[in-house]
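The values are calculated or read from the model by the stated rules, or taken from the named source; none is laboratory data. This one's a predicted model, so the numbers in the text were calculated from it and none came from an experiment. Quick reminder, even Gly has a Cβ in these numbers, built from the backbone with ideal geometry, and neighbours come from all protein chains shown. For the accessible areas, the whole protein counts, side chains as well, though only heavy atoms, and no ligand, DNA or RNA atoms are used. Shrake-Rupley method; radii C 1.70, N 1.55, O 1.52, S 1.80 Å.
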Amino acid sequence: MIDTRTLTIEKAGEALRSGEFSSLDLVSACLQKIKERNDELHAFLEVFSGEKYGVDDVYAQAKRADEMIKNGKGVAMTGIPIAIKDNILMTGMITSSGSKILENYKASYDAFVIKKLKEAGAVIMGRTNMDEFAMGSSTENSAYGPSKNPIDPARVPGGSSGGSAVAVASGMALGALGSDTGGSIRMPASFCGIVGMKATYGAVSRSGLTALSSSLDQIGPFAKDSEDAQIIFECISGYDEMDSTSITLKPKEKKSLKIKIGIPRDFLKEGVDAEVLKNFEETLEKLKQKGYEVVDVSMPYIKYALPVYYVILPAEVSTNLARLEGMRYGHRVEGETMFDTFKRSRSAGFGPETRRRIILGTYVLSHGYYDAYYNKAWKVRRAIIKEYEDLFKKVDYIVTPTVPMLPFKFGEKSDPVQMYLADIFTVSVNLAWLPAISIPSGFSKEGLPFGIEFTGPSESDLSLFAIEKDLRDNR
Amino acid sequence: MDLKDIENLAELAKIELLDIEKSKLLEDLGSILAYVKQIEELDVPDLEIEYSQRNVWREDEDSFPIFSKDLIISQFPDSKNNFLKVKKIL
């Protein structure tokens with residue numbers, strides 16, 4: 001029997017190519033896990049299983065993958081079941097972004113990352129739950145109800161890509177894609193005890209990703225370990241002419257043997273759970289034993305990252321979501337005039353957090369406040385970018401806990417600012433367009449997972465995967 | 001900020017709000033803006049960032065047909081003869 005909760009993509013790939021089991025067997029094992037736990041955990045909003053899916057049915061996909069492998073055309077992702085966040089387009093499939101306004105919206109093209117996965121023969125299992133339009137840190141903002149943490153279903157899995165994290169942590173898929181605008185991959189990865197990675201801005205094409213905040217969004221992988229995360233990343237990254245900000249990662253020179261990491265101590269003084277801090281210090285000790293050099297660094301601007309984020313993000317949200325007015329696609333509620341139709345459709349289709357951020361974004365962009373908020377936020381953003389640049393002349397990585405708290409219970413963070421604070425260590429990375437990875441770093445007394453976040457200089461993406469191996473032996 | 005501001009913003013954003021939502025939003029925005037305000041007082045130098053600039057536009061030739069016209073049309077909430085139907089503006 002295949003145990004999809006422990007099986008890695010690397011091991012599964014070897015077994016598929018040696019004929020130990022087929023992709024059909026593997027998909028069956030994942031479907032079994034979905035059957036057992038999806039009603040409870042609510043990771044998937046839709047599983048592409050059944051006759052109506054035709055060539056996109058999971059078994060049809062698996063058969064094609066088995067054929068590829070038989071013909072010697074198999075690659076690392078061939079036949080591997082993967083889960084996709086509900087904001088990534090796949091032709092003919094519903095992509096609702098966790099929102100009622102797009103409940104029945106069917107995509108008219110494949111996202112670049114979907115095209116890449118299809119070419120590699122990966123098996124796309126279905127679409128996973130998320131906070132509406134990727135705004136949230138718990139999946140409690142999903143219009144379809146929250147996902148639950150497989151380690152303790154009374155607690156949130158983190159967000160916004162919570163469904164994808166749950167799918168991987170519970171063995172419903174071997175890997176998953178999420179999107180990360182301010183921590184939406186790294187944070188749920190930490191809460192569910194798995195690896196999550198956010199690439200350098202532009203390394204993974206945003207073509208076919210439903211836009212939240214275009215200067216911050218990146219698609220990235222969830223996996224059990226860094227080897228698997230790297231396999232997914234290498235499959236989905238690369239230059240795409242459909243994304244004007246797309247880049248090709250330049251190969252980096254080999255780093256010196258001794259890795260030097262910087263800890264922004266001042267930033268850890270307030271608002272971090274004592275247990276999280278203790279685990280962080282213990283993890284640093286382990287890294288020292290592995291030969292890492294650990295130094296304190298000063299980052300005077302980083303504490304302003306979260307307030308900057310809550311100006312730039314809502315501003316971009318209010319413009320990006322203006323396209324949803326019930327005219328060209330999505331849910332329409334008829335009104336007397338065209339503007340009435342806009343208003344009714346948007347009001348019926350958007351949930352509370354989405355409205356809040358649209359209104360906030362409209363405010364910071366409005367005449368009279370634009371300079372005080374939006375322009376000032378960009379000024380501070382540039383200072384944060386420069387701060388990282390200068391530091392990376394002295395250290396190889398900046399390291400913090402991924403989340404300042406352990407997975408919390410449903411309903412615990414009812415005040416918006418309290419919820420936003422969960423992203424305090426992740427948002428600065430998006431503002432500075434840098435790559436970062438969240439790595440599991442052990443469990444609390446109650447058995448809840450901790451995560452540690454490594455941020456590297458621009459385009460150091462591939463080097464981030466090596467760190468987890470160093471920590472794993474010591475876990 | 002007061003309720004009138006919320007109403008104006010909702011009008012600009014084309015969102016209808018119930019009275020109870022307006023007061024809740026006023027409260028929420030108040031606490032978010034109080035948090036965000038710390039950047040207002042921050043004295044920060046106006047730094048230049050180096051961007052790599054390159055032409056991302058394709059040549060003005062026939063574009064590649066990656067979008068399915070039928071699928072796009074099938075998503076229109078209202079259409080006539082394959083055209084999107086909208087309400088009159090004037």
| query | For the stretch B:46-63, which residues satisfy the criterion of being open to solvent by 100 Å² or more (accessible area, probe 1.4 Å) and closer than 26 Å to A:Lys379 by Cα? | reply | B:Asp46, B:Glu48, B:Glu50, B:Tyr51, B:Ser52, B:Gln53, B:Arg54, B:Asn55
| message | Quick check on my filter: what residues within the stretch B:12-31 are part of a helix (DSSP H, G or I) and within 22 Å of A:Ala322 (Cβ to Cβ)? | response | B:Leu12, B:Glu21, B:Lys22, B:Leu25, B:Asp28, B:Leu29
| Odd one out for A:Leu421, checked against (1) over 19 Å from A:Gly159 (Cβ atoms); (2) open to solvent by 10 Å² or more (accessible area, probe 1.4 Å); (3) touching a Leu at 6+ places or on another chain (Cβ under 8 Å) | (1)
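Condition check ((1) facing another protein chain (nearest Cβ under 9 Å); (2) β-branched (Val, Ile, Thr); (3) under 30 Å from A:Lys303 (Cα atoms)) across all residues:
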| position | (1), (2), (3) |
| --- | --- |
| B:Tyr51 | no, no, yes |
| B:Glu59 | no, no, no |
| B:Ser68 | yes, no, no |
| B:Ser74 | yes, no, no |
| B:Asp78 | yes, no, no |
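Would you call B:Asp28 surrounded by 13 or more Cβ atoms within 10 Å (Cβ to Cβ) and under 30 Å from A:Ala372 (Cβ atoms)? Talk me through it step by step, then tell me what you get.
On the way: surrounded by 13 or more Cβ atoms within 10 Å (Cβ to Cβ): yes; under 30 Å from A:Ala372 (Cβ atoms): yes.
So B:Asp28 fits the description; yes.
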| Test: residue in the stretch A:81-88 that is out of contact with any Phe, Trp or Tyr (no Cβ under 8 Å at 6 or more places or on another chain), over 25 Å from A:Val317 (Cα atoms) and at pLDDT 95 or above | yes
| Which is in a loop (DSSP other than H, G, I, E, B), away from every other protein chain (no Cβ under 11 Å) and loosely packed, with under 14 Cβ neighbours inside 10 Å, of A:Leu249, A:Leu257? | A:Leu257
| remark: Taking the stretch A:346-365 and keeping residues of a type in the set (Val, Ile, Thr) and within 7 Å of chain B (Cβ to nearest Cβ) leaves A:Ile358, A:Ile359, A:Thr362
| request: Output the number of residues of the stretch B:44-58 satisfying the condition of being within 19 Å of A:Ser207 (Cβ to Cβ) and not β-branched (Val, Ile, Thr). | output: 4
| message | For A:Glu14, only one of the following conditions fails: (1) open to solvent by 30 Å² or more (accessible area, probe 1.4 Å); (2) in a loop (DSSP other than H, G, I, E, B). What is its number? | response | (2)
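Any residue that is charged (D, E, K, R), outside any helix (DSSP H, G or I), open to solvent by less than 80 Å² (accessible area, probe 1.4 Å) and under 29 Å from B:Asp5 (Cα atoms) - is there at least one of those in the stretch B:32-41? I'd like the intermediate steps shown before the answer.
Taking the stretch B:32-41 and keeping what is charged (D, E, K, R), we get B:37, B:40-41.
Now restrict to residues that are outside any helix (DSSP H, G or I): B:37.
Going one step further and asking which of them are open to solvent by less than 80 Å² (accessible area, probe 1.4 Å), we end up with none.
There is no residue in the stretch B:32-41 that is charged (D, E, K, R), outside any helix (DSSP H, G or I), open to solvent by less than 80 Å² (accessible area, probe 1.4 Å) and under 29 Å from B:Asp5 (Cα atoms).
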